[in-house]
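Here's the structure, in structure tokens; my notes come after.
The values are calculated or read from the model by the stated rules, or taken from the named source; none is laboratory data. In this text the structure is predicted, and so the values were computed from the model without any measurement. With ideal geometry, Cβ positions are generated from the backbone for all residues, glycine too; neighbour counts draw on all protein chains shown. Keep in mind that these areas ignore ligands, DNA and RNA; they rest on the heavy atoms of the full protein, side chains included. Shrake-Rupley method; radii C 1.70, N 1.55, O 1.52, S 1.80 Å.
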Amino acid sequence: MNRTVAIVDGYSTGNFLLPAFARLGVEAVHVQSTPELIAPLAPPRLAAYRENLVCADPGTTARELARHRPLAVLAGAEFGVRLADELSERLGLMTNGTRLSAARRDKFLMIEALRGAGIRCARQHRSADPEELRAWAEREGVHPVVVKPISSSGADNVHICRDGDAIVRAARAVMSARDLFQQPNTEALAQSYLDGTEYVVDMACSQGERYVCAVWEYRKRDIGSGRRIYDRDVLLDPGQDPVPELVAYVDTVLEALDIRHGAVHAEVIMTASGPVLVEVAARLNGGLNAGFQELCLGIDQAAATALAYARPGEFRRRYGGRTYTKLIEAFVHDTTTALHGIVEGVDEAVVEQITALPTVRDLTVKYRPGRRVRPTVDLPSSPLTVYMADADPAALEADYKAIGELKERVYRLTGPGPGE
């Protein structure tokens, strides 16, 4: 009998789960949580699945899935987390359950769950009234304030506000927009600003035992108007400070949110008081590049997650309670642009110049002809992602500078040039 898993909303890096399970002799059924695919996200490769089930209601979908006798149901992307929890619980499979499912998606509920467990966390308030958020910040003496959507990701519509007027403007901007998953923002979330360096902690879990897949340091750039954007994710040595303290803190977060199975992507800021959670997601890192991680770490997060579900005993024996080994110096560079216009084409000669740089291991050209390019304000508006690794840190820095001189020549645009 063929072994099968169900992947809910296998967008973006969820596509790495298919080959990871296939290498273990496991096929996959796809569950689509929305009537239509979510357009801005890299779509799931539906042709590679045994079947695609469009979920009208969880009860019906659970019965349809039962025909395949899946060994697990897991989320391929953030939007699928809650449905994956419900389907896995209905089918009596390995599950994080529905009791705290909402808190794994809703950033306000997430932080309140930590507060209830006595874990260090941000102060916060949510409201559909921008003036109420202003009043909360003034009443609590909380400045600066971070204003953002309740359930988005990728630094989407995140604002650092240093006064009440900025809070009101940011809240209005959030609530006039849709989140990254094209859902309307009916409220805005205001949180106390966490001063410090931000890190990513990626894990894979099975029955409460976790493997730390990687810890990355976010290096960001200020672009003014209360916005900071991603520049480099730098792979850290597992024994260097503050990696052990970050991992120990995330362990408490997993316990508070009852995350016992599957992938984990946590963002944590190391403040003067210690680690504080920005947010945690029960899914793969949205910037995962499986081949690049295998080069740098020996095993990528998708492969570790697939093993945790398909062969849980082997996963716990080989990886349970352990931390990754760093094999090479590495970082992921998300470039910025000051250009504005419509992509007419991609200059392949410039792309080849970048990919020929000695430390460049992979390159993602995000925009295709017809796409509008605007100056970078967040991760989704970064035009290129460059995966870089080398034994020599100086070589990495030299190629990073070379990319800075080439990046604005990748796209041929029609319409306006620099600026708006």
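So which residue, out of 196, 141, 14, gets the largest mean-square fluctuation from a GNM of the chain using Cα contacts under 10 Å as springs?
141
Expressed in whole Å with the largest first, what are the equivalent ellipsoid semi-axes of the chain derived from the C-alpha gyration tensor as the square root of 5 times each eigenvalue?
Its equivalent ellipsoid spans semi-axes of 31, 28, 23 Å.
Under a point spin-label approximation (7 Å from Cα along Cα-to-Cβ), what is the residue 405-residue 120 distance to one decimal in nm?
With each label placed 7 Å out from Cα toward Cβ, I get 4.3 nm.
Note the per residue figure in Å³ for the convex hull of the C-alpha positions in region 226-331.
Each residue corresponds to 125 Å³ of Cα convex hull volume.
Taking every eigenvalue of the Cα gyration tensor of region 159-229, multiplying by 5 and rooting it, what semi-axes result, largest first, whole Å?
Value: 30, 18, 11 Å, ordered largest first.
Compactness ratio of region 186-271: Cα Rg over 2.2 N^0.38 Å, N = residue count?
1.21
With a Förster radius of 22 Å, plug the Cβ-Cβ distance of residue 98 and residue 186 into 1/(1 + (r/R0)^6) and report the FRET value to the nearest 0.05.
0.50
Check which residues have an amide H placed less than 5 Å from residue 3's amide H, if you skip close sequence neighbours.
27
Regarding region 87-129, what is the average projected area of its C-alpha convex hull, in nm²?
For the Cα atoms of region 87-129, the hull's average projected area reads 4.2 nm².
Can you say what percent of the DSSP beta bridges in the chain, counting only those with both residues inside, are antiparallel? Round to 5.
Among the beta bridges of the chain, antiparallel pairing accounts for roughly 80 percent.
Give the Debye-formula value of log10 I(q)/I(0) at each listed q (0.19 Å⁻¹), with one equal scatterer per alpha carbon of region 294-420, two decimals each.
Calculated log10 I(q)/I(0) at the listed q: -1.00.
Per Stokes-Einstein, at 4 °C and 1.567 mPa s, what whole-number D in µm² s⁻¹ belongs to region 113-170, with the Kirkwood radius over Cα pairs as the hydrodynamic radius?
106 µm²/s
Computing the accessible area with a 1.4 Å probe over protein heavy atoms, can you report the carbon and sulfur percentage for region 98-203?
That share works out to 46 percent.
If amide H atoms are built 1.01 Å from N in the plane of the peptide, which residues on other chains or at least 5 residues away come under 5 Å of the amide H of residue 263?
Answer set, sorted by chain and number: 205.
Using Cα pairs under 8 angstrom and six or more residues apart, how large is the relative contact order of the chain, in percent?
14 percent
Given H placed on each backbone N at 1.01 Å, which residues far from residue 278 in sequence or on other chains put an amide H within less than 5 Å of it?
Placed amide hydrogens put 267, 268, 269 under 5 Å from residue 278.
Using the Kirkwood radius built from alpha carbon pairs, what does the Stokes-Einstein equation give as D for region 1-118 at 20 °C and 1.002 mPa s, in µm² per second?
My calculation gives 146 µm²/s for D.
In whole Hz and in residue order, list the ³J(HN,Hα) couplings for region 5-22 that follow from phi through the Karplus curve 6.51 cos²θ - 1.76 cosθ + 1.60, θ = phi - 60°; x for Gly and Pro.
Values, residue by residue: 10, 10, 10, 8, 6, x, 6, 6, 6, x, 5, 6, 5, 4, x, 5, 5, 4 Hz.
What do you get for trypsin sites (Lys or Arg not before Pro) in region 321-420 restricted to DSSP loop and a cutoff of at most 15 other Cβ within 10 Å of the site's Cβ?
Taking region 321-420 and a limit of 15 other Cβ atoms within 10 Å, the loop trypsin sites (Lys or Arg not before Pro) found are 322, 371.
Restricting to DSSP loop positions (anything but H, G, I, E, B) with no more than 14 other Cβ atoms inside 10 Å of their own Cβ, which GluC sites (Glu not before Pro) remain in region 1-78?
36
Identify, among 280, 305, 214, the residue whose Cα sits farthest towards the positive end of the charge dipole of region 188-327, taking +1 on the Cβ of Lys and Arg and -1 on the Cβ of Asp and Glu, with the dipole about the Cα centre.
305
Return the Rg/Rh ratio of region 364-420 with Cα-based radii and a Kirkwood Rh.
Answer for region 364-420: 1.02.
Please work out the average accessible area per residue across region 273-317, using the 1.4 Å probe convention, and give it in Å².
That works out to 27 Å² for each residue.
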